[in-house]
Amino acid sequence: MSWYLTDRRRRGLSFHLDLYRQEANSYITYAEIDAEIGDNDAADKPGKFKYASWNKWEESVYIYLDSIISKNGVPLSYVIRKDLGQDTKWDELDRKTQQIYNAPLQGFTYNLDSTKVL
């Protein structure tokens, strides 16, 4: 249950105890899978920046930071996230994207994560 509550908070969603009760076994499985994911699964670090290959390098940075879990439990790419489009619907975003865009861009853990990214 604690995984469910933490996941909902990280995604900026409200808690529904009835929803948890209906899907308890699924959330237990999700918690087990989530616990297995760690920095060992990190993508390769991007190579040295070259202006000629800016787009490819930028994409590799996002992929790398997406693969590392930050101090607040979401992908480290939240530190350099781009703005969502105005037509974006929160409910249509995947779990990871909701976490990235719900993470605060201020505070103690953000400062630690920002330093790590830089």
Would you pick out the residues in the stretch 6-19 that are at pLDDT 80 or above and within 11 Å of ALA31 (Cβ to Cβ)?
THR6
Among (1) modelled with pLDDT of 85 or more; (2) under 16 Å from the mean Cα position of the chain (by Cα), ASP34 falls short only on (1)
Which numbered condition in (1) of a type in the set (S, T, N, Q); (2) over 11 Å from the mean Cα position of the chain (by Cα); (3) at pLDDT 90 or above is the only one that ASN102 fails?
(2)
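The values are calculated or read from the model by the stated rules, or taken from the named source; none is laboratory data. These numbers were taken from a predicted model, which means no experiment stands behind them. In this analysis, Cβ positions are derived from the backbone assuming ideal geometry, glycine residues included, and neighbour counts consider all displayed protein chains.
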